[in-house]
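Student: Questions regarding the structure given below will be posed in turn.
The values are calculated or read from the model by the stated rules, or taken from the named source; none is laboratory data. Computed from a prediction, not measured in an experiment: that's the story for all the values here. Reconstructed Cβ throughout: ideal geometry from the backbone, glycine too, with neighbour counts over all protein chains shown.
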Amino acid sequence: MTLHPAGLANRLRQRRMAAGFTQAALADRIEVSRKTINTIENGVFIPSTLLALRLAATLGCRVEDIFALAPGEPSHDLGGS
């Protein structure tokens with residue numbers, strides 16, 4: 001798991017490898033550069049919602065299986081209670 005300084009944990013590398021994709025093959029499939037995949041995997045870049053959804057669909061999982069709040073990050077109640 002890779003941690004981004006903003007508190008986002010990601011498991012993209014693990015999910016990509018389990019699905020049998022190279023960075024280049026995954027990038028081609030979702031129409032981004034290999035460097036984009038690399039920077040997401042290394043916690044340098046946080047993907048847009050659209051890109052996260054495309055990654056999840058291509059890898060056959062949910063966005064939450066790839067990206068989550070880092071352990072210890074406070075979750076916020078967005079329900080307005």
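Student: Within the set of pairs 6 or more residues apart or between chains, which connect a residue that is within 18 Å of CYS61 (Cβ to Cβ) inside the range 17-34 to a residue that is modelled with pLDDT of 95 or more and among the aromatic types (Phe, Trp, Tyr) with Cβ atoms less than 8 Å apart?
Tutor: ARG29/PHE21
Student: Please go through the range 44-66 and give me each residue that is in a loop (DSSP other than H, G, I, E, B) and surrounded by fewer than 18 Cβ atoms within 10 Å (Cβ to Cβ), ordered by number.
Tutor: VAL44, PHE45, ILE46, SER48, GLY60, CYS61, ARG62
Student: Any residue that is in contact with a His (Cβ under 8 Å, 6 or more places away or on another chain), surrounded by fewer than 17 Cβ atoms within 10 Å (Cβ to Cβ) and part of a loop (DSSP other than H, G, I, E, B) - is there at least one of those in the range 7-29?
Tutor: No, the conditions are met nowhere in the range 7-29.
Student: What residue, of ALA52, ALA9, ALA56, is touching a residue at least 60 places away in the same chain (Cβ under 8 Å), under 13 Å from the mean Cα position of the chain (by Cα) and closer than 11 Å to PHE67 by Cα? Before you say what the answer is, go through the steps one by one.
Tutor: Details: ALA52 fails: touching a residue at least 60 places away in the same chain (Cβ under 8 Å); ALA56 fails: touching a residue at least 60 places away in the same chain (Cβ under 8 Å).
After ruling out the rest, the residue left standing is ALA9.
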